[in-house]
Amino acid sequence: VDGALFLEFTPKKNQYLLTFLSIFFSFGAVATSILGYFLLPRYSCEAPVEGGCQGNGWRYMLLAMGGLEAAVVLCRIYKINHKDTQSEAFDENIETLTLRFNRPVNAGDASSSDESTSSASETSEANLSDVENPRNSNSERRSNGYRTRRQNGHGNVSTGIQHHRPPGVVGNGNGNDGDRPSRTWITFQRYRRRYKHKIEKALERLGPLFVPEFRLSTILIWIIWALVAFAYTAFNVFYPKFLQEHGQDGHQPLQLVYMDILIYSAAGVPGSVIATVMVEGRLGRRYTMAVSTFGTALATILFAVLSSRAAMTTFSAILSLLATLNYAVLYSYTPEVFPSDIRGTACGVAAAVSRLAGIITPLIVGAMLSVNTYFPLYTASIMFFVSAVCMCFLPIETKGRAAS
């Protein structure tokens, strides 16, 4: 959402600044690593303890992160006021003008319109009351039928016809004992209609993303977001455990592990700055992403192959730099591809796909770690490589193109 809003107010010559905006992701990672370096080793158990470890490091870490996040949310709500974007303001003005011109021309039209509206509302209210109070409506129909039979001299006449109950109707089905829809059935139908409407609206909003102009871009961008999220999360979740098991003599102290993680996070900060320069250069958006992602795949392989601590620290820092560069360009490229009326939907689905991949990744990585600690690295490298290939086939280059 932030990227889409930023792009709405940014002129064409300054759109590259959206790439620079991703530097705050790196700042957040560095802040988290600093907290982890000071809290986790000090209040955690290095070696197994009889009766179980009672370290509170992870509690302090979560408390610190939750407090920081709450402070940012409150600041966002009370200190930052978002105004409508230019396209939203334009749409609002169009809607206002449409309502103004569709008003009745004279009082006669207004009165007829009011009469038709009131009659329609009375009819709908009557139908709604029948649905929500079936007992009253059924009793009225039974009393009317009884009076009709008495007037015709038939008394209690049974036609011999066996009535079948529709689903959710309470009664024995002969039509004379208060057959009525159950309250559960009415509630079910109400929610079914509500969610059916929501699903139809969602599918209606997704439709413009698959017109011939944007179909290939939409599919490739969503695949790229999923693959990059899977690969990056797999490495990040796996990284501390790999450092601890493959460090000095098979067991690296927690203090050194979190120091390496801090170096890894800090190395990503220049990535956003480099990406900001490269997207306006000869490679443009697409090939800047592709080159940096190919480099990330290579750095992942070298990190897995080389076992010395210096080599692992060096190539993890290179991986962080290139992965951040790739993510910075992808973060700005996605909203630039789509026009304003479908930009929010495209970016929202891309973010949802990314989060979904990030959720399932730890489950898959956990299963891989039980087999071999190198499997997650090789899998992450393959995912980075495939996503880089997909970037090469993106049909739209947004360099020098004003956001519509």
* Calculate, axis by axis, the spread of Cα positions in region 195-322 along the three principal axes, and write the results as whole Å, longest axis first. => 59, 44, 23
* Order these peptides, 291-297, 394-400, by their mean beta-carbon neighbour count within 10 angstrom, highest first. => 291-297, 394-400
* Which order do the peptides 345-355, 185-195 take when ranked by the mean count of other beta-carbon atoms within 10 Å per residue, highest first? => 345-355, 185-195
* To do: Output the peptides 24-34, 321-331 sorted from most to least packed, where packing is the average of other Cβ atoms within 10 Å over each peptide's residues.
  => 321-331, 24-34
* Asked: Please state the relative contact order of region 197-343 as a whole percent: Cα pairs under 8 Å, 6+ residues apart?
  -> 26
* Largest first and in whole Å, give the semi-axes of region 265-404's equivalent ellipsoid, each being the square root of 5 times a Cα gyration tensor eigenvalue. => 29, 19, 12
* Express the carbon and sulfur contribution to the solvent-accessible surface of region 273-404 as a percent, rounded to the nearest whole number, probe 1.4 angstrom. => 74
* Asked: Hey, what's region 307-355 come to in accessible area per residue, 1.4 Å probe, Å²?
  -> 30
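The values are calculated or read from the model by the stated rules, or taken from the named source; none is laboratory data. Remember, it's a predicted structure, so these values are computed and weren't measured experimentally. Using ideal geometry, Cβ is built from the backbone for each residue, glycine included, and neighbour counts are taken over all protein chains shown. Heavy atoms of the whole protein, side chains included, go into the accessibility calculation; ligands, DNA and RNA do not. Shrake-Rupley method; radii C 1.70, N 1.55, O 1.52, S 1.80 Å.
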